[in-house]
Amino acid sequence: MRFVVAHHNPVSCERWRNALARELPDAEVFIWNDGETREADYAIAWAAPSAAFFARQKRLKAFFSTGAGVEKLLASSFMPAELPVVRLEDAGMGNQMATYCVGAALQWIRQGEEYAEHQRAKAWQPLPRVDLADWPIGVFGLGVLGQQVAHAFAAVGFTVNGYSRSPHSMPGIRSFAESGGEGDFDAFLSATRVLVILAPLTPQTLDRFDRDELGNLAPRSYVINVARGELLVDEALLALLDSGHLAGAALDVFRQEPLPPEHRFWMHPKIRVTPHISAITVIEPSARQVAQKVRSLERGEAISGVVERKRGY
Ligand code: NAP
C-alpha cells in the first residue's frame, strides 16, 4: 500500500510522513512533489493539492484531511467528486477546544479583565459576586468538538444550550436544532450570553452571524469564534461591540489569515485575537487515527468521519 503526504507546509509534511510510516509499517509513505511518478492508494493534506497531483494520483481510495474542517479540500475543482474525503475526529483537539472556550469565557465572567486593571492601579476593590446562572452558554455546532465544549461548560456549572442541524440528546444540555425551524434559532440566541461558534464552514453557515442574528443575543453578551472567520460578519460584530450590545469577543479564526495588520480586530479594546490555535492538530494521535481508518478500509469495513459532500461537512 502507498500513502502520499501532500501537506503545503514542508515541516508538517515530514512529520506526517514519519508518523504515518510508524503507524503503517507495511506501507510505502512518501511526500508529494511534481516530479513524483508513484501512484498512491491514500493521500493526506490540509488544502487540496494541485491539478498535477490529481492528474498523477488516479487510483486513490480515500483522501484524508489533516484537520477537522474540510472546506479547503472541498473547494478544489480538482478533487474528484467520487473520492471519499475523511476528516479528523477529535484526535487530541477536543480538550484543547474545551479549555480555550471555557478559559475565554471565565476570563470575562470571573471579571479577570477588570481585576487586571485594578491590579495595574493597585486598587483593592472587590466586585460583586458572580452567579454562573446569569451566564447561559450557547454552543453553535454540537459535533465532535462542540459536544466536548458543551460538556466542559456544563461540568463547571454553566447552563448550556446547543444548536445543530439535527436535534441531539445530551444529558444536561438543552438542544435546539435547525429542524425545529427559525424559531428554534431565535430561541437559542436569545437564551445565550456567551455564544461559541463551532460549526463547519458550509454554504449554509457562511455569514450566518450577521447584525440581525448577533443582535438577537441577550444584551451584554460575548462571542467566541473558533470555527471559521466566514461564519461571522466582521462589520456586524464591530458595530454591536461599539454600540455596547455585545460586551466582548474572543476570535481565533478570521476571513483572512494571518489577520492583516490594518484590521480593526487587532486594536479593538473588547476583542481578544489568537492566531488559529484553539485546537491544533496533534500529529501523532492523528496519524494513529488515520492508520486505524486505513486498516478498516483495507478490510472492507465502514469508517466514521467520511465527509458528506452534499451537506459540506
Ligand atoms: P463535526 O463533528 O462535523 O460537527 C459539526 C456540527 O455543526 C454538527 O453538530 C452539525 O450538526 C453542526 N452544523 C453543521 N451545519 C450546521 C448548520 N447549518 N446549522 C447548525 N449546525 C450545523 O465538526 P467538529 O469536528 O466538531 O468541528 C467543527 C469545526 O471546528 C470544523 O469544521 C472546523 O471548521 C472548526 N475547527 C477549528 C479549529 C481551530 O483551531 N480553530 C480546530 C478544529 C476544528 P449535526 O450534529 O446535526 O450534523
Q: With respect to Val156, determine if the residue is in the same structural domain as Ala250 (by TED's automatic domain parsing), within 16 Å of the ligand (Cβ to nearest atom) and closer than 28 Å to Ile280 by Cα.
A: no
Q.
For the stretch 202-223, check the following and say yes or no: at least one residue is in contact with a Gly (Cβ under 6 Å, 6 or more places away or on another chain) and not hydroxyl-bearing (Ser, Thr, Tyr).
A. no
Q: Would you check if there is a residue in the stretch 35-48 being over 27 Å from Glu301 (Cβ atoms) and either among the aromatic types (Phe, Trp, Tyr) or within 16 Å of the ligand (Cβ to nearest atom) (or both)?
A: yes
Q | Output for the stretch 54-71, where each listed residue is in contact (Cβ under 8 Å) with a residue 24 or more places away in the chain and either on the phi > 0 side of the Ramachandran plot or surrounded by fewer than 16 Cβ atoms within 10 Å (Cβ to Cβ) (or both) | A | Lys61
(Q) Please verify whether Trp124 is crowded, with 19+ Cβ neighbours inside 10 Å and away from the ligand (no atom under 16 Å from the Cβ), treating the condition exactly as stated. (A) no
Q: Give the stretch 85-114 a look and list any residue that's outside any helix (DSSP H, G or I) and not acidic (Asp, Glu), or say none.
A: Val85, Val86, Arg87, Leu88, Ala91, Gly92, Met93, Arg110, Gln111
Q: Spot the failing condition for Thr192; the list is (1) more than 11 Å from the ligand (Cβ to nearest atom); (2) of a type in the set (S, T, N, Q); (3) part of a helix (DSSP H, G or I), and only one is missed.
A: (3)
Q: Please state which of the following conditions Pro200 fails to meet, knowing it meets all the rest: (1) in a loop (DSSP other than H, G, I, E, B); (2) in contact with a Cys (Cβ under 7 Å, 6 or more places away or on another chain).
A: (2)
Q: Output the residue which, of all residues in the stretch 210-243 that are within 11 Å of the ligand (Cβ to nearest atom) and outside any loop (DSSP other than H, G, I, E, B), is farthest from Phe153 (Cα to Cα).
A: Glu230
Q. Name the pairs: first residue in the stretch 152-174 and at positive phi, second residue small (Gly, Ala, Ser) and more than 11 Å from the ligand (Cβ to nearest atom), Cβ to Cβ under 7 Å, at least 6 apart or on different chains?
A. Gly172/Ala154
Q: Restrict the check to the stretch 244-263 and report whether at least one residue is more than 16 Å from the ligand (Cβ to nearest atom), in a helix (DSSP H, G or I) and surrounded by 14 or more Cβ atoms within 10 Å (Cβ to Cβ).
A: no
(Q) Any residue that is touching a His at 6+ places or on another chain (Cβ under 8 Å), closer than 24 Å to Val306 by Cβ and within 16 Å of the ligand (Cβ to nearest atom) - is there at least one of those in the stretch 128-140? (A) no
Q. Failed condition for Asp207, given (1) among the acidic types (Asp, Glu); (2) within 14 Å of the ligand (Cβ to nearest atom); (3) more than 27 Å from Lys310 (Cβ to Cβ), with all others met?
A. (3)
Q | Residue pairs meeting the criteria (Cβ under 6 Å; at least 6 apart or on separate chains; first hydroxyl-bearing (Ser, Thr, Tyr), in the stretch 92-112; second modelled with pLDDT of 95 or more and within 12 Å of the ligand (Cβ to nearest atom)) | A | Tyr100/Ser278
(Q) Can you report the number of residues in the stretch 27-77 which are under 30 Å from Ser278 (Cα atoms), assigned to a loop (DSSP other than H, G, I, E, B) and of a type in the set (A, V, I, L, M, F, W, C)? (A) 7
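The values are calculated or read from the model by the stated rules, or taken from the named source; none is laboratory data. What you are looking at is a predicted structure, and each value in this text was computed from that prediction instead of being measured. Here the Cβ is made from the backbone with ideal geometry for all residues, glycine too, and neighbour counts use every protein chain on show.
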